[in-house]
Each structure stands twice: as structure tokens, then as C-alpha cells.
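One structure below.
The values are calculated or read from the model by the stated rules, or taken from the named source; none is laboratory data. Nothing here was measured: the structure is a model prediction, and the numbers come from that model. FYI the Cβ positions are ideal-geometry reconstructions off the backbone, even for glycines, and counts take in every protein chain you see. Accessible surface is based on the protein model in full, side chains and every heavy atom, while ligands, DNA and RNA are left aside. Shrake-Rupley method; radii C 1.70, N 1.55, O 1.52, S 1.80 Å.
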Amino acid sequence: MVVFVGAGPGAEDLITVRGQRLLAQADIIVYAGSLVNPGLLDIKKQNCRVYNSAYMTLEEVLDVMIQGERDNKRVVRLHTGDPCLYGAVREQMDGLEKAGVAYEVCPGVSSFCGAAAALGAEYTLPGISQSVVITRMAGRTAVPQKESIKDFAAHQATMVVFLSTGMLPALAAELQAGGYASETPAAIVYKASWPDEKVLRCTVGTLADTARREGITKTALIVIGDILGGGYERSKLYDPTFGTEFRSAVKGEGTDGTDPE
Ligand code: SAH
């Protein structure tokens, strides 16, 4: 059995309990060395074999995992954050399936959640935005035209932009072309939850200058939207005048169970 494990955003204690147990039991660990905190590997068994996938091709990673399974070893494929975002896991899963190797996924804390924690932000503020767009600028990996930053920006929903710290002038231009004012609040969260984390609050118009001034070129998320500003409406869920499945309304109105969690 191969298990894809989410390592969390960086801090060694932000992996799940299950992920930690899987790491401690693994005979083989293939980890994404460019972003996974190597301290997470401290709990590995003494005879565990460790591979850094930053130096490997897909074929080499698959060979290690498939051979490990044939040798009856416990294999962990450790990905940063949660494997479901920009993890290139699907091609590994397909390769395993082709070879008849079973796999499972153990989720992790994605860096976009780590960034919200660092900012003390709620991405879904009533009256401001109830949606989060997770996207990236096109790089070596193309982004479909229908998903351009400009088109997403037109929604004025909260945006979290991965893999784009090296392209901030272009990102800011696209955001503005889509309708975000240059004063729209934005933030750069560098290495969320790592010891050298940096949280830089700025605006769409000052994104590029802020990153340049701080020398940030990678391993950051860009958060954009009015949720980073001051205003919002309070929630219905905890409003005394609204009842829910668990609590009656104080004034007997609005018992429509709005937004039961
Ligand atoms: N699967 C990962 C994302 C991998 S793509 C996840 O769920 O977080 C790599 C990109 O994620 C980086 O370029 C950066 O944009 C972002 N990233 C990963 N870890 C980060 C962290 N601790 N702080 C800020 N951004 C991070």
C-alpha cells in the first residue's frame, strides 16, 4: 500500500496525527524536498529509506513506489500542504493503478489555510465574499484561458494565488484589468507557519513593490480581497434573532436554519 500524505504548510506539528503515524511506520518515504520541512522526517524508523523527489522524474518516483510495494514495504509519498492542490498526484495515482498498486490519501493542511491563520483572516465574510478562488498565474504549466486571473477578478471574490510570486507585476495588472481597484487590500504570506514566516499586508497596487522590498520571490501565497479590509456583516448562525437546528431564536423570528454548519 502506498499512501500519499499531506505534510501541512511547513511547521512540523501541522501534519495530521494520521500522517505522523504513517511517517513513523514507513519503510520508504519519498518527499517533495523543495517545500516539505525535512524536520518532519525525524520520526522515521532507523532503517527507513528516504528519497527526495526534487531530484527525481515521475518515472523514478513511480519505480521506487512500485518496487517498494512489490517488496511488501510501507511507502509514504509526502507532499507539501494537501496533495490535492498543485501536487502532481494524479499522474502518480494513474501510474500506480496501471501497475496494480493500491494507494490511499491522507489529507493535510494546505498552505492557503496556513496563510489564513497567519493573517488571522476569514476568507468567507458575510456581506463581502462567500467564495474563495484558488488559482495561479500561468507558468511552465499553462492555465486554461477561461480561468484567467482577469476573469476571476471580475467576481470580486476572495482570491488566493499560488505559484505566482515571481510574476507580481503581471498578476497585479491582470487583477486590475478584471476590475479590482488598485487600493483593494492584498497580502503576501511567505512561508506560512515556518519559523521565517513573513506576513506583508499591502494593496493590489503595491504587491510587486512590497515583495521586491522584502526580497520575496517564491514560497508565498498572494491573498486578495476586501475580506482583508475592515467591513463585514455579522453571521446569521450566531445571531440571537435567528434560530438553528441547535438553538431557538431569541425573538422567535428567522428560524429558517440558515447556514447550519
Ligand atoms: N499542495 C500545496 C501547494 C503546492 S504548490 C498546498 O496545499 O499548499 C507550491 C506553492 O504553494 C508555492 O509556490 C507557494 O505558492 C505555496 N506554498 C506552499 N507552502 C507555502 C507556505 N508555507 N507559505 C506560503 N505559500 C506556500
Legend entry - Label-to-label distance, nm, for residues given as D209 and A88 (7 Å Cα→Cβ offset): 3.7 nm
Inset, instruction - Apply the Debye scattering formula to the range 78-214, with a single equal point scatterer on each alpha-carbon and no solvent, then give log10 I(q)/I(0) at q = 0.09, 0.11, 0.21 Å⁻¹. - result: -0.32, -0.47, -1.41
Inset, instruction - Determine, at each q value in 0.07, 0.14, 0.16 (inverse angstroms), the log₁₀ of I(q)/I(0) that the Debye formula gives when each Cα of the chain is one equal point scatterer. - result: -0.32, -1.00, -1.13
Inset, instruction - Quote the relative contact order of the range 124-261 in percent (integer), defining contacts as alpha-carbon pairs under 8 Å separated by 6+ residues. - result: 23 percent
Legend entry - Set K150/K191; K146/K218; K198/K218 screened for pairs whose C-alpha atoms are more than 22 Å apart: K150/K191; K146/K218
Inset, instruction - Could you pull the accessible area for I66 with a 1.4 Å probe, rounded to 10 Å²? - result: 20 Å²
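Using the Kirkwood radius over Cα pairs, work out the Stokes-Einstein diffusion coefficient for the range 48-132 at 20 °C and 1.002 mPa s, in µm²/s as a whole number. If you can, show how the numbers build up before the last one.
Working: Rh = 15.2 Å.
Diffusion coefficient, whole number: 141 µm²/s.
Rank-order 80-88, 150-158 by packing density, defined as the average count of other C-beta atoms within 10 Å over each peptide's residues, highest first. Spell out each step's value before the answer.
Values: 80-88: 20.3, 150-158: 17.7.
My ranking of the peptides, most packed first, is 80-88, 150-158.
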Inset, instruction - Scan around L78 for amide H atoms under 5 Å from its own, H built in the peptide plane at 1.01 Å from N, and keep only partners 5 or more places away or cross-chain. - result: V5, V30, Y31, A32
Inset, instruction - Can you find, among A154, A117, M93, the residue farthest towards the positive end of the dipole of the chain? Put +1 on the C-beta of Lys and Arg, -1 on that of Asp and Glu. - result: M93
Inset, instruction - Determine ³J(HN,Hα), in whole Hz, for all residues of the range 140-149 in sequence, where each value follows from phi through the Karplus function 6.51 cos²θ - 1.76 cosθ + 1.60 and θ = phi - 60°; x replaces Gly and Pro. - result: 5, 8, 6, 10, x, 3, 5, 10, 5, 4
Legend entry - the range 185-199 - phi-based ³J(HN,Hα) in whole Hz, Karplus 6.51/-1.76/1.60, Gly and Pro as x: x, 9, 8, 10, 10, 9, 6, 3, 6, 7, x, 9, 3, 10, 10
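Which whole-number percent gives the relative contact order of the chain, counting Cα pairs below 8 Å spaced six or more residues apart? If you can, show how the numbers build up before the last one.
Numbers: 511 pairs, mean separation 45.7, N = 261.
Once normalised by length, the contact order is 17 percent.
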Inset, instruction - Set the Förster radius R0 to 45 Å, insert the Cβ-Cβ distance between Q176 and N47 as r into 1/(1 + (r/R0)^6), and round the FRET efficiency to 0.05. - result: 0.20
Inset, instruction - Could you work out how far helix 58-70 tilts from the main Cα principal axis of the chain, as a 0 to 90 degree angle to the nearest 10? - result: 60 degrees
Inset, instruction - Give the angle, between 0 and 90 degrees and rounded to the nearest 10, that separates the Cα long axis of helix 168-177 from the longest principal axis of the Cα atoms of the chain. - result: 40 degrees
Legend entry - Whole-percent carbon and sulfur share, accessible surface of the range 203-252, 1.4 Å: 51 percent
Legend entry - Surface accessible to a 1.4 Å probe, per residue, for the residues of the chain, Å²: 53 Å²
